[in-house]
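**Student:** Provided herewith is a single structure, encoded as structure tokens, for subsequent inquiry.
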Amino acid sequence: MSEKTHELIGVLAEQYNMKDYDEAYAAFDWAEVEKELSWSSTGKINVAYEAIDRHVDAGRGDHIALYYSDASRDENYTFAELKALSNKFGNVLRKYGIQKGDRVFIFMPRSPELYAALLGAVKIGAIVGPLFEAFMEGAVRDRLQDSGAIAIVTTPKLKERVPVADLPELQHVFLVGSEGELAPKEISFEAEMNDASDALDIEWVDREDGLVLHYTSGSTGKPKGVLHVHNAMIQHYQTGKWVLDLRPDDVFWCTADPGWVTGTAYGIWGPWLHGVTSVIRGGRFTPEDWYETLQRFKVTVWYSAPTAFRMLMGAGDDLVQKYDISSVRHILSVGEPLNAEVVRWGMKVYGQRIHDNWWMTETGGQMISNYPCLTMKPGSMGKPFPGIYAAIVDHEGNELPPNTMGNLAIRAPWPSMMRKIWNNPAKYEEYFGLKPWYISGDSAYKDEDGYFWFQGRIDDVINTSGERVGPFEVESKLVEHPAVAEAGVIGKPDALRGEVIKAFIALREGYEPTDELIAEIREFVKTGLAAHAAPREIEFRDKLPKTRSGKIMRRVLKAWELGLPTGDLSTMED
Ligand code: ATP
Ligand code: MG
């Protein structure tokens, strides 16, 4: 890895939940965190009780849990109201014989009903499978079949993409907002909710009982069904405290859909375990809508993704001036590498640091983060969460010295670690093949100060003329060029050099794709990064292929380039 001096952005002068990273790391014990949760005397627990009902029992039932808004609705729900609604739906599911361990899928746009249904299913011990509303029939079929789902909650419009006839195990289709005739297996959500009691005997479950089944984003291949258990709440609680830095009166906005792990771990559990008000926006939105939402709900903590920050950056530096977003005191990002350039831009236009953190569907919770109390090195993912030991290892599991690129590994286990890949034990074992490590499949290095730097997916690392180049470093340099909005970099087989670097670039508004620009961009990487890292080929595209969770799909770029099959595209944006 190239030795370099990194720029630093100091800690903004404020009191944070975590006072000092090194002290917190040294003194940490998960067993102490567990004591802050309400385990029953039998050692059982239920995360939905912990996230909702506990606050009602503690006298905060009137506190707003959810501000919901989309183009046609604008509603508030207190913790007491969410308790009642989720209790009702728990009773509805029980009425139809649904039990602990059954898979209940939720396939609908973000809405208060989605959250009530999800919490209700968890309260009776069912395993919830949230599906992103944009999935097409094939994607829905694959996931319901793979998991053997017994029930689904959906809408009249989306049910068109639920192939009931192909799914013998699917017994019940709960329709939210149905008006017409009901087909066999269909049940009106509203009619049942009207009749149901709002008192429920919660199913107290073992900490190792199933909670949620999330299919991964599909960036590198066919999505995997990752099972998480109730025990994960220990990590969601503590990361909510130290990474999200949540305080009781916060208004928190996580922009992720519950179809992706961020949308449950930190769109539901993280904030509500802390009794914090959550903002949920439905629909798709423009840059103006983003700022308007921050202003209107006086959001204090804002958790989003690089794709969103890059879009806001593309909308120009002045837009934010039209809004009052002074309530925002903490900004975070996850899902893809956060380019240093975006952090610098955040300092300029928001006057704040955007805190990157790294984790995966499989890890269930944040693993490596920038903490408010830690000096930031823009472009770095930060340092491991207390209680988490992260390392860079070679293909035999030996730890590598600082500044050496290798496989990012975590010492297993940790509280929110996945417990199963559904129907695929062999795949699960692959992650844990090099004991004691969990092997992430991401390539990174750790610097001399213990900061981790993402380099790309292991399979995407480019070997060119004997040099190993992480695609992310090249992409990050590319987006520093004023003409470049987004970049995806791949290695292309080459007889002479092993591989050559090819960059796909989407230009910013107002730039024309010319040969001069190609030459200029190459020179920019050559002088700014390294000669061997400059793309030999550059191709301009209107947009780059992305997953619906906003990640650039390099495997698709590569397949197109090489004329190979593109593989599973169920999660690709249209
Ligand atoms: P699949 O496993 O199906 O290929 P995926 O890996 O994109 O899809 P997710 O679990 O949603 O599915 O994403 C986790 C991955 O996202 C990580 O392995 C990493 O490559 C990337 N990622 C997440 N956060 C960051 C971050 N802060 N910096 C760099 N990369 C990140
Ligand atoms: Mg993955």
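**Student:** When you check Ala519 against the structure, is it within 23 Å of Leu564 (Cβ to Cβ) and without any contact (Cβ under 8 Å) to a residue 60 or more places away in the chain, yes or no?
**Tutor:** no
**Student:** If you don't mind, another one. Across segment 486-527, what is the total count of residues that are among the small types (Gly, Ala, Ser) and open to solvent by 40 Å² or more (accessible area, probe 1.4 Å)?
**Tutor:** 4
**Student:** Taking Gly148 and the conditions (1) within 18 Å of Leu213 (Cβ to Cβ); (2) modelled with pLDDT under 95, which numbered condition does it fall short on, given that it satisfies the others?
**Tutor:** Tallying (1) within 18 Å of Leu213 (Cβ to Cβ); (2) modelled with pLDDT under 95, Gly148 fails exactly one: (2).
**Student:** Further, regarding this structure: What's the total number of residues in segment 413-447 that are in a strand (DSSP E or B) and among the small types (Gly, Ala, Ser)?
**Tutor:** Number of matching residues: 4.
**Student:** When you scan segment 166-179, do you find a residue that is over 28 Å from Trp269 (Cα atoms), open to solvent by 10 Å² or more (accessible area, probe 1.4 Å) and in contact (Cβ under 8 Å) with a residue 60 or more places away in the chain, even just one?
**Tutor:** There is at least one residue in segment 166-179 that is over 28 Å from Trp269 (Cα atoms), open to solvent by 10 Å² or more (accessible area, probe 1.4 Å) and in contact (Cβ under 8 Å) with a residue 60 or more places away in the chain.
**Student:** Would you please name the residue that is surrounded by the fewest Cβ atoms within 10 Å (Cβ to Cβ), looking only at residues in segment 319-370 that are within 10 Å of ligand 1 (Cβ to nearest atom) and among the charged types (D, E, K, R)?
**Tutor:** In this case the residue turns out to be Glu362.
**Student:** Here is a follow-up. In segment 26-64, which residues are at pLDDT below 95, loosely packed, with under 15 Cβ neighbours inside 10 Å and within 24 Å of Ala199 (Cβ to Cβ)?
**Tutor:** Ser38, Trp39, Ser40, Ser41, Thr42 - these are the residues of segment 26-64 that are at pLDDT below 95, loosely packed, with under 15 Cβ neighbours inside 10 Å and within 24 Å of Ala199 (Cβ to Cβ).
**Student:** Ok, one more. Hey, among the residues in segment 41-70 that are more than 24 Å from the chain's Cα centre (by Cα) and small (Gly, Ala, Ser), which one's farthest from Gly283 (Cα to Cα)?
**Tutor:** Of everything passing the filter in segment 41-70, Ser41 is farthest from Gly283 (Cα to Cα).
**Student:** Among the numbered criteria (1) buried (at least 19 other Cβ atoms within 10 Å of the Cβ); (2) away from ligand 2 (no atom under 16 Å from the Cβ), which single criterion is violated by Asn194?
**Tutor:** Status for Asn194: all satisfied but (1).
**Student:** Just give me the residues in segment 311-335 being within 23 Å of Leu8 (Cβ to Cβ) and either under 17 Å from the mean Cα position of the chain (by Cα) or among the aromatic types (Phe, Trp, Tyr) (or both), in sequence order.
**Tutor:** Within segment 311-335, Ile331, Leu332, Ser333, Val334 qualify.
**Student:** Sticking with this one: Can you go through Asp515, Asp568, Asp460 and tell me which one is touching a helix residue (DSSP H, G or I) at 6+ places or on another chain (Cβ under 8 Å) and more than 26 Å from Phe285 (Cβ to Cβ)?
**Tutor:** Of the residues listed, the single one that is touching a helix residue (DSSP H, G or I) at 6+ places or on another chain (Cβ under 8 Å) and more than 26 Å from Phe285 (Cβ to Cβ) is Asp460.
**Student:** Going through Gly218, Gly210 one at a time, which residue ends up being in contact (Cβ under 8 Å) with a residue 60 or more places away in the chain and either touching a Cys at 6+ places or on another chain (Cβ under 6 Å) or on the phi > 0 side of the Ramachandran plot (or both)?
**Tutor:** Unique residue meeting the criteria: Gly218.
**Student:** Which is within 16 Å of ligand 1 (Cβ to nearest atom) and under 30 Å from Asp53 (Cα atoms), of Leu213, Leu200, Leu175?
**Tutor:** On inspection, the qualifying residue turns out to be Leu213.
**Student:** Give the residue that is surrounded by the most Cβ atoms within 10 Å (Cβ to Cβ), with candidates limited to residues of segment 392-414 that are among the aliphatic types (A, V, I, L, M) and within 16 Å of ligand 2 (Cβ to nearest atom).
**Tutor:** Leu408
**Student:** A further question follows. Are any residues in segment 435-451 hydrophobic (A, V, I, L, M, F, W, C) and either open to solvent by 10 Å² or more (accessible area, probe 1.4 Å) or more than 9 Å from ligand 1 (Cβ to nearest atom) (or both), and if so, which ones?
**Tutor:** Trp437, Ile439
**Student:** Further question on the same structure: Would you pick out the residues in segment 302-318 that are surrounded by fewer than 18 Cβ atoms within 10 Å (Cβ to Cβ), in contact (Cβ under 8 Å) with a residue 12 or more places away in the chain and in a loop (DSSP other than H, G, I, E, B)?
**Tutor:** Ala315, Asp317
**Student:** Next up: Would you mind stating whether Val162 is open to solvent by less than 30 Å² (accessible area, probe 1.4 Å), within 26 Å of Tyr49 (Cβ to Cβ), at pLDDT 95 or above and in contact with a helix residue (DSSP H, G or I) (Cβ under 8 Å, 6 or more places away or on another chain)?
**Tutor:** No; evaluated as a whole, the condition is false for this residue.
**Student:** Can you pull out the residues in segment 448-479 that are under 25 Å from the mean Cα position of the chain (by Cα) and of a type in the set (D, E, K, R)?
**Tutor:** Arg457, Asp459, Asp460, Glu473, Glu475, Lys477, listed by residue number.
**Student:** Is it the case that segment 415-423 has a residue that's under 30 Å from Asp206 (Cα atoms), surrounded by fewer than 19 Cβ atoms within 10 Å (Cβ to Cβ) and more than 16 Å from ligand 2 (Cβ to nearest atom)?
**Tutor:** Checked segment 415-423: at least one residue is under 30 Å from Asp206 (Cα atoms), surrounded by fewer than 19 Cβ atoms within 10 Å (Cβ to Cβ) and more than 16 Å from ligand 2 (Cβ to nearest atom).
**Student:** Here is a further query. Restrict the check to segment 394-401 and report whether at least one residue is farther than 28 Å from Ser147 by Cβ, outside the structural domain of Ala533 (by the TED database) and outside any loop (DSSP other than H, G, I, E, B).
**Tutor:** Yes - at least one qualifying residue is present in segment 394-401.
Here's the yes/no breakdown for (1) surrounded by fewer than 18 Cβ atoms within 10 Å (Cβ to Cβ); (2) touching a Leu at 6+ places or on another chain (Cβ under 7 Å); (3) farther than 16 Å from Val469 by Cα:
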site: Ala533; (1), (2), (3): no, no, no
site: Glu537; (1), (2), (3): yes, no, no
site: Lys543; (1), (2), (3): yes, no, yes
site: Ser570; (1), (2), (3): no, no, yes
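**Student:** Do you know which residues across segment 246-296 are in a helix (DSSP H, G or I), open to solvent by 30 Å² or more (accessible area, probe 1.4 Å) and either in contact with a helix residue (DSSP H, G or I) (Cβ under 6 Å, 6 or more places away or on another chain) or of a type in the set (D, E, K, R) (or both)?
**Tutor:** The answer is Glu288, Asp289, Glu292, Arg296.
**Student:** Condition first: surrounded by fewer than 21 Cβ atoms within 10 Å (Cβ to Cβ) and modelled with pLDDT of 95 or more. Now tell me which residues in segment 206-223 satisfy that.
**Tutor:** Within segment 206-223, Asp206, Arg207, Glu208, Asp209 qualify.
**Student:** Collect the residues in segment 459-479 that are surrounded by fewer than 18 Cβ atoms within 10 Å (Cβ to Cβ) and touching an Asp or Glu at 6+ places or on another chain (Cβ under 7 Å), keeping them in residue-number order.
**Tutor:** Asn463
**Student:** Of Lys185, Lys159, which residue is out of contact with any Cys (no Cβ under 9 Å at 6 or more places or on another chain) and at positive phi?
**Tutor:** Lys185
The values are calculated or read from the model by the stated rules, or taken from the named source; none is laboratory data. Source: prediction; values computed, not measured. Glycine gets a Cβ as well: all are built from the backbone with ideal geometry, and neighbour counts include every protein chain shown. Side chains included, ligands, DNA and RNA excluded: accessible areas come from the protein's heavy atoms. Shrake-Rupley method; radii C 1.70, N 1.55, O 1.52, S 1.80 Å.
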